[in-house]
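Heads up: the structure comes next, in structure tokens.
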Amino acid sequence: MTRTTLAVLAVLAGPAWAEPVTPPTISPPDTWQPRQTGTVRVLNKIDSTLQSLTLHTGQTVHLQSLSITLVACAVRPPDLPADAAAHLTVADSRPEAPGFDGWILQNEPAANMLEHPVYDIQLASCG
């Protein structure tokens, strides 16, 4: 081996001085960002009509026999998988019909506990 080759190998074998890498900022999974509006889709299972309703937080909308109130709406931060959640209060003017007060998730529409014989309500978005 020549002296030049040995010098190159000595330089290459020396300690590597790398710049420290700052890890990306990632929000905790339970971080939700509040939004002022929410859009819900209401399906009438009897006549197959679908209505889209955009509500502001605290607003109540009347649709047929339903009164739907958007209590809160929130989205996941952009560095986490996209999802939205809305806290809804749903009342039906018919005495035998069930009501609902709870959270629904955009990506898990079957997880909400609204069991209504006529209507299905899904969260379309929070904005």
Helical mean residue ellipticity (222 nm; -39500 (n - 2.57) per DSSP H run of 4+; nearest 500) of the chain: -2500 deg cm²/dmol
Region 62-100 versus region 19-40: alpha-carbon centroid distance in Å: 23 Å
Residue among 60, 25, 39 with the largest mean-square fluctuation in a Gaussian network model of the chain, springs linking Cα atoms under 10 Å: 25
R0 of 22 Å, Cβ-Cβ distance residue 36-residue 65: FRET efficiency to nearest 0.05: 0.20
Under-5 Å amide H pairs with residue 119, H placed in peptide plane, nonlocal only: 45
Percent breakdown of C-alpha pair distances by 10 Å bin, ordered from the shortest bin, for the chain: 12, 33, 19, 8, 6, 6, 7, 6, 3, 0
The chain: angle of helix 3-13 to the longest principal axis, Cα-based, in degrees nearest 10: 30 degrees
Karplus (6.51, -1.76, 1.60) ³J(HN,Hα), θ = phi - 60°, over region 27-36, in Hz, Gly and Pro reported as x: 5, x, x, 8, 8, 10, 10, x, 10, 8
For residue 63, residues with placed amide H under 5 Å, excluding near neighbours: 68
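The numbers here are math on the coordinates, done by the rules we state, and not lab data. Just so you know, these numbers come straight off a predicted model, no measurement behind them. Please note: Cβ atoms are built from the backbone with ideal geometry, for glycine as well, and neighbour counts cover all protein chains shown.
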